[in-house]
Structures are given as structure tokens and as C-alpha cells.
Amino acid sequence: MIIGLSVLLANIFAALGGCWWPNEIVPPAVRTVARISPAYWAMDALHKLTFFQGGFADIIVQVGVLAALAAVLTAVAGRFFRIRD
């Protein structure tokens, strides 16, 4: 069951984050909701680096948000998913 839920959530976050289409073409309300998706921050950094010739200084906010999300989601996963002997 967890595999099915993971695939569903991964696809929803990918669509929200701009992996399927650019976030610039969606309504502003969708862009606001998309900020909960790690894919949004990764795609935003990728766009700045590839299309706008940005450097590390231009994506420091995105890297920070991704690091914070990784820390929070790791803590949540550690809390809810235990290894059984």
C-alpha cells in the first residue's frame, strides 16, 4: 500500500513542482501551492542555472529550502517508518 501511495504523491508533487510543464504557465494560485513540493524548488534552481546562466549564489535560497525539507522529511520518516526485526 505504501508503494502505491508513494507513486501517487511523487506524481502529484512532480506535476505541482513543474516537472511536467513550466510553472510559469499555471495560475498564480497553483504556483503558491506548488511551493510545498520539493520538485518546485529543484526545478526553480535548475531553470536559474540552465536558462538564466545563474551561479550558486543565485540558487542559495532554493538549496537552503531543499536542505530544510530534507531534514524535516527525514525526521518524519524516522518517526513513522521503523525497521522491524
Please check: in the Gaussian network model of the chain (C-alpha springs, under 10 Å), which one of Ala14, Ala42, Ala57 has the largest mean-square fluctuation.
Ala57
Rounded to whole Å², per residue accessible area for the chain with a 1.4 Å probe reads 75 Å²
Give, rounded to the nearest 20 debye, the magnitude of the charge dipole that the chain has about its Cα centre when Lys and Arg contribute +1 at Cβ and Asp and Glu contribute -1 at Cβ.
280 debye
Suppose each label sits 7 Å from its Cα in the direction of the beta carbon; what would the Leu46-Val72 distance come out to in nanometres?
2.2 nm
Out of the trypsin sites (Lys or Arg not before Pro) in region 45-85, which ones are loop residues according to DSSP with at most 14 other C-beta atoms within 10 Å?
Arg82, Arg84
When all protein chains stay in place, what accessible area (Å², nearest 10, 1.4 Å probe) is found for Thr32?
90 Å²
Once every DSSP H run of n ≥ 4 in the chain is given -39500 (n - 2.57) and the sum is divided by its residues, what mean residue ellipticity at 222 nm do you get, rounded to the nearest 500 deg cm²/dmol?
-21500 deg cm²/dmol
Which order do Leu66, Leu9 take by accessible area at a 1.4 Å probe, largest first?
Leu9, Leu66
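The values are calculated or read from the model by the stated rules, or taken from the named source; none is laboratory data. Because the structure is predicted, anything quoted here is derived from the model rather than measured. Cβ coordinates were reconstructed from backbone atoms using ideal geometry, including for glycine residues, and neighbour counts include every protein chain displayed. We work out accessible area using only protein heavy atoms, side chains counted, and drop any ligands, DNA or RNA first. Shrake-Rupley method; radii C 1.70, N 1.55, O 1.52, S 1.80 Å.
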